[in-house]
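The values are calculated or read from the model by the stated rules, or taken from the named source; none is laboratory data. All values reported here derive from a predicted model rather than from experimental measurement. Cβ sites come from the backbone with ideal geometry, for glycine too, and all protein chains shown count toward neighbours. Quick note on the areas: whole protein, heavy atoms, side chains included, nothing else; ligands and nucleic acids left out. Shrake-Rupley method; radii C 1.70, N 1.55, O 1.52, S 1.80 Å.
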Amino acid sequence: MHSQKFAQHPVQLPEGVRLIQNKHGREFLQIDHPAVSARIAMEGAHITHCQPAGQGPLLWMSASEPELPGKTIRGGIPLCWPWFSDTRSGPAHGIARISPWQLTAVSSDAERVSVRMRLAHSLIEQALPGEKWKLDVEFVLGSDLMVTLITRNMGEERQALSQALHSYLPVSNIDQVVVQGLESCAYLDQLTGHLQIQQGPVRFTAETDRIYFNHSGDVRLIDANKQVISVHRKGSDSVVVWNPWIEKSLRLSHFASDDYRHMLCIEAANAGPDARVLEPGETHRLTTRITRGAADSSVV
Ligand SMILES: O=P(O)(O)OC[C@H]1O[C@H](O)[C@H](O)[C@@H](O)[C@@H]1O
């Protein structure tokens, strides 16, 4: 990778932050700050790496990261917007993850780096004729990772919105993972279309694709190595939990046959029964904050 000037991002970059390009021309914001190292793809405003100093990575990323522009990235946090999954016709998970974004502000202090990006409204209108949105994303990177997707309805009609911060979290072995915080919560099983109630903590023995709803509390992923990754959310009453397991893995792009063992998606969402309708002029903020810590020994 090498540094280069990018005329389309006329923002001042603080020390430790630079724009780089891979050999195929894909652009990334590379952050090497005393508090955190991270990388964000300009296409999709897609964070592919985040590692706070002295901690393990907060995100799982496919080893076969697609190098070419225009290919979706498997891992990190794809931004699913303005629809989740295939709830509308068009690209799966909407247009945000496959569109070029612009940097609008980058700043840092001793403890964190903040990055703000925008998806130009002209690109949104071109992809979604008749819809008028303003879409920004904000990353705050330091000892943890916070991502906020800020959507404003700029039109004169109500507009439907479903979305997710599709966070791929690293796990040492999916067989031994426990997810806490969803006990007794209702969920839509996307594999069967049925509504279910979660009994006890979530464990994984097969393909899992669920939208938990009427839920805004923290979700904790407890790994066999006694590491905990917690997902805190704001503006989100639904959370998607996804692991493709073995058979679906074979159909996924940029996904090795045993990658399912080492990742779990826990996605702050407005999906399923939590899809929203924004009034003209209304702004909605969807936030996820991902933190890492050690489990107390009784929980695993
Ligand atoms: O392969 P992608 O388009 O990135 O989608 C990956 C997955 O995203 C979400 O978690 C959905 O609930 C799954 O049904 C989907 O398979």
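Solvent-accessible surface of segment 13-294, taken per residue with a 1.4 Å probe and all protein chains present: 41 Å². Taking a ≥ b ≥ c as the square roots of the Cα gyration tensor eigenvalues, with a/c under 1.5 meaning rounded and otherwise prolate when a/b beats b/c, else oblate, which class fits segment 13-294? Cα axes put segment 13-294 in the rounded bin. Across the protein chains, with a 1.4 Å probe defining accessible surface, the residues Thr72, Thr288, Thr205 rank Thr205, Thr72, Thr288 from largest area downward.
Short-range pairs are left out: with C-alpha atoms under 8 Å and at least six residues apart, the relative contact order of the chain is 17 percent.
Basic side chains Lys and Arg get +1 at the Cβ, acidic Asp and Glu get -1 at the Cβ, and with that the dipole of the chain about its Cα centre reaches some 420 debye. Couplings 3J(HN,Hα) for segment 180-195, derived from phi with the Karplus relation 6.51 cos²θ - 1.76 cosθ + 1.60 (θ = phi - 60°), are 10, x, 10, 4, 6, 7, 6, 9, 8, 7, 6, 7, 10, x, 8, 8 Hz, where x marks Gly and Pro. Put simply, when 76-83, 34-41, 160-167, 149-156 are sorted by average Cβ atoms within 10 angstrom per residue, most first, you get 76-83, 160-167, 34-41, 149-156.
Only one residue of Ala105, Ser238, Gly200 has its Cα farthest out toward the positive end of the dipole of the chain, where Lys and Arg carry +1 and Asp and Glu -1 on Cβ, and that residue is Ala105. The residue among Pro52, Leu286, Ile211 whose Cα reaches farthest toward the positive pole of the charge dipole of the chain, with charges on the beta-carbon of Lys, Arg, Asp and Glu, is Pro52. As a fraction of the 1.4 Å probe accessible area of the chain, surface on carbon and sulfur atoms comes out at 48 percent. Taking 0.36 nm per residue of sequence separation and removing the Cα-Cα distance, the Ser89/Arg285 pair yields an extension gain of 68.1 nm. Between the amide H of Phe84 and those of Ser162, Gln163, distances stay under 5 Å, these residues lying 5 or more places away or on another chain, with hydrogens modeled in the peptide plane. Extending 7 Å from Cα along the Cβ direction at Trp245 and again at Ser184 yields two label points whose distance is 2.8 nm. For Glu207, the residues 5 or more places off, or on other chains, whose built amide H falls under 5 Å of its own are Ile246.
Among Gly75, Gly272, Gly16, the residue with the largest mean-square fluctuation in a Gaussian network model of the chain, with springs joining Cα atoms closer than 10 Å, is Gly16.
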